[in-house]
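Chemist: Can you keep this structure in mind? I'll have questions shortly.
The values are calculated or read from the model by the stated rules, or taken from the named source; none is laboratory data. Note that the structure is predicted; figures quoted are calculated from it, not measured. Methodologically, a virtual Cβ is constructed for each residue, glycine included, from the backbone with ideal geometry; neighbour enumeration extends over all protein chains shown.
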């Protein structure tokens with residue numbers, strides 16, 4: 001029994017001692033300062049990354065000084081300069097030759113030149129009487145687009161098959177004027193100049209307006225003494241085109257209406273007569289080459 005009591009006291013004493021020792025160790029321990037890394041070194045303070053400084057000027061790279069062994073380029077000699085000059089001159093000539101002008105020069109100039117134009121003439125506005133003839137025209141150009149001209153026309157009046165049909169089938173009376181010749185003084189203006197492609201060929205042309213006055217000699221009417229002389233004042237107005245083949249030669253086509261007052265055959269009353277003629281011919285310019293060729 002005594003042994004049991006002694007053993008209990010020893011066990012109790014051992015328990016008290018153990019609790020006292022453990023509590024002291026627990027009290028002295030600071031969880032906030034617990035170092036779990038063992039023998040690892042303490043963290044060193046991190047260095048701040050300066051980053052990219054855009055405000056600081058970019059450092060100027062230093063150019064290494066040429067070493068003694070670096071080869072130097074020799075200065076061009078006279079032969080190189082001459083070859084380069086010749087090459088530049090050839091390129092300039094080729095460029096000038098190949099250059100296309102936006103506004104090309106006119107094929108011919110009319111300023112200060114004379115024009116002589118023979119024509120064949122036929123009317124287009126009379127279904128009963130055909131008027132055939134020829135004309136000659138002379139003109140002078142004080143300006144390239146302006147001319148003063150004189151035209152003389154001979155005409156022959158011929159009845160057509162419609163006259164016989166109208167008289168035989170309808171017993172119609174046809175009043176007609178018979179002009180023999182006309183002499184006109186005109187002013188011509190050429191506001192149009194251009195080019196046209198015909199059968200893979202390019203033709204230059206100019207268009208013109210013509211107008212003026214003169215006289216027409218027509219067949220007299222015995223019933224009217226006032227018009228017995230046959231000379232009638234006349235006025236004409238028309239348009240035309242020239243197709244230029246050379247500097248001195250052109251093909252000329254014009255449509256001109258000549259108006260005059262006459263007493264037609266078989267009538268005792270005067271009326272306005274309109275003879276609309278197509279003139280087709282050639283134009284020859286003198287001198288053969290323009291002396292006022294502009295620098296183009």
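Yes or no, residue by residue, for (1) within 30 Å of residue 157 (Cα to Cα); (2) touching a residue at least 12 places away in the same chain (Cβ under 8 Å); (3) in a strand (DSSP E or B):
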site: 107; (1), (2), (3): no, yes, no
site: 110; (1), (2), (3): no, yes, no
site: 117; (1), (2), (3): yes, yes, yes
site: 120; (1), (2), (3): yes, yes, yes
site: 135; (1), (2), (3): yes, yes, yes
site: 142; (1), (2), (3): no, yes, yes
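Chemist: Just give me the residues in the stretch 141-166 being under 30 Å from residue 290 (Cα atoms) and surrounded by 15 or more Cβ atoms within 10 Å (Cβ to Cβ), in sequence order.
Modeler: The answer is 141, 144, 145, 146, 147, 149, 150, 151, 153.
Chemist: Within the stretch 101-109, is there a residue that is farther than 27 Å from residue 271 by Cβ and at pLDDT 85 or above? Spell out how you get there, then give the answer.
Modeler: Step one: filter the stretch 101-109 for residues farther than 27 Å from residue 271 by Cβ, giving 101-109.
Okay, now just the ones that are also at pLDDT 85 or above, so 109.
Among the residues of the stretch 101-109, at least one is farther than 27 Å from residue 271 by Cβ and at pLDDT 85 or above, which makes the answer yes.
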